[in-house]
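*Asks:* One structure is given below, represented as structure tokens, and several questions about it will come after.
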Amino acid sequence: MILMDGKKLQEEMINELSEEVKSLNGKPKLVIIQVGNNEASNKYINQKIRVGSNIGIEVEHIKYEETVTEDEILNKIDSLNNDKEVSGIIVQLPLPKHLDSYTIVNRVAASKDVDGLTSVNLGNLFGKKNCFVPCTALGVVEMLHRYNINIEGKHAVIVGRSQLVGKPLIACLLNENATVTVTHSKTVDLKEYTSKADILIVAIGQANFIKEDMVKDNAVVVDVGINVIDNKLTGDVDFNSLTDKVYAMTPVPNGVGRMTVISLMKNVIKAYNEQNID
Ligand code: NAP
């Protein structure tokens, strides 16, 4: 089995992107807006700050108390949208319930939306136009390319249809000429679909959910899930039961999560370049 190693690819891409940043006239800057003190969010933000600094990207972390009003955040986003020093802005999700994620995320200017989650960027992704591709979907496709996994003509089955992961993956895989099936919690007889996948991508948030009998021989399996079991990170795929069956698979940790972070940095550099065309 080929282990699709996100840690190794991230290191490779940190080197590539830091060379690219050195060749620029200025320094790309990412601003991360966080509300509250979600433990998982704190970890993800620390990773983004670390990888950004390894590449030479400035990362500013703005952290609000849980009690912040929607207007305060919207005003902040407006001022960052107008700040020429800021290349990219992300709002770390999830937000507390009293805040409307859709309104807040969509306030980010499309040209600085390096998470690719505004309606403008998602629309352009589905229209196959220039856009910021959401980072996890971008990272999954990059990983498949770098491991020379052919996507065109393959049957890709996505488990999970979230706005953040599943839906952007539909567009990305269609744009790569896969035949795409998307499944979710209301799918009847899930195994019927997963067992027909050449490329199976799982993003549901249920530890070890995908078992050996749900996967076709020699499939490529991409595990997006991140679950904490007994203080250890575990994916949505029962990794050990599949190692002798599949052609290639991602581990958790050090799989897709690593690709998500590096793809964000790729988007920040893209934003910088598009804002600084002479
Ligand atoms: P989400 O918004 O909770 O969506 C979960 C999706 O999975 C929903 O579409 C849901 O279906 C579906 N689902 C849940 N249980 C299912 C089941 N038993 N069978 C089939 N479908 C099922 O989650 P998300 O934001 O997409 O995240 C999914 C997982 O990926 C989480 O573990 C998250 O931590 C992880 N994640 C990882 C990265 C990374 O970089 N590696 C990035 C983002 C998220 P319905 O729509 O019908 O409810």
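All of the numbers you see were taken from the coordinates with simple rules; none came from a lab. No experiment lies behind these values; they were computed from the predicted model shown. Positions of Cβ are generated from backbone atoms using ideal geometry, with glycine treated the same way; all protein chains shown enter the neighbour counts.
*Asks:* Return one number: the angle in degrees, 0 to 90 and rounded to the nearest 10, between the long axis of the Cα atoms of helix 166-175 and the longest principal axis of the Cα atoms of the chain.
*Replies:* Between the helix axis and the principal axis of the chain, the angle is about 80 degrees.
*Asks:* Per residue of the chain, what 222 nm ellipticity follows from adding -39500 (n - 2.57) for every DSSP H run with n ≥ 4, rounded to the nearest 500?
*Replies:* The helix contribution divided over the chain gives -12500 deg cm²/dmol.
*Asks:* Along Cα→Cβ, 7 Å out, is where each label goes; now give me the distance between the ones at Lys186 and Glu11 in nm to one decimal.
*Replies:* 4.6 nm
*Asks:* What number comes out for the charge environment of Lys84, summing +1 per Lys or Arg and -1 per Asp or Glu over other residues with Cβ under 15 Å away?
*Replies:* -4
*Asks:* Further question on the same structure: What does the charge count around Glu152 come to, taking other residues whose C-beta lies under 14 Å from its C-beta (Lys +1, Arg +1, Asp -1, Glu -1)?
*Replies:* -1
*Asks:* For the chain, divide the Cα radius of gyration by the Kirkwood radius and give the resulting Rg/Rh value with two decimals.
*Replies:* Computed over Cα atoms, the ratio is 0.97.
*Asks:* Below 10 angstrom from the Cβ of Lys245, what's the summed charge of the other residues (Lys, Arg +1; Asp, Glu -1)?
*Replies:* -3
*Asks:* Can you bin segment 25-110 into rounded, prolate or oblate? Criterion: square roots of the alpha carbon gyration tensor eigenvalues sorted a ≥ b ≥ c, rounded for a/c under 1.5, prolate for a/b above b/c, oblate for the rest.
*Replies:* oblate
*Asks:* Between the DSSP loop rule and a limit of at most 10 other Cβ atoms within 10 Å, which GluC sites (Glu not before Pro) in segment 116-220 are left?
*Replies:* Loop-located and lightly packed - Glu152.
*Asks:* Which links in Lys48/Lys191; Lys48/Lys211; Lys22/Lys84; Lys7/Lys48 stretch past 25 Å when you go from one Cα to the other?
*Replies:* Pairs exceeding 25 Å: Lys48/Lys191; Lys48/Lys211.
*Asks:* For His61, what residues show an amide H to amide H distance below 5 Å, using hydrogens built from the backbone and excluding near sequence neighbours?
*Replies:* Ile32
*Asks:* Please identify, among Asn231, Asn106, Asn254, the residue showing maximal mean-square fluctuation in a Gaussian network model of the chain using a 10 angstrom Cα cutoff.
*Replies:* The residue with the greatest mean-square fluctuation here is Asn231.
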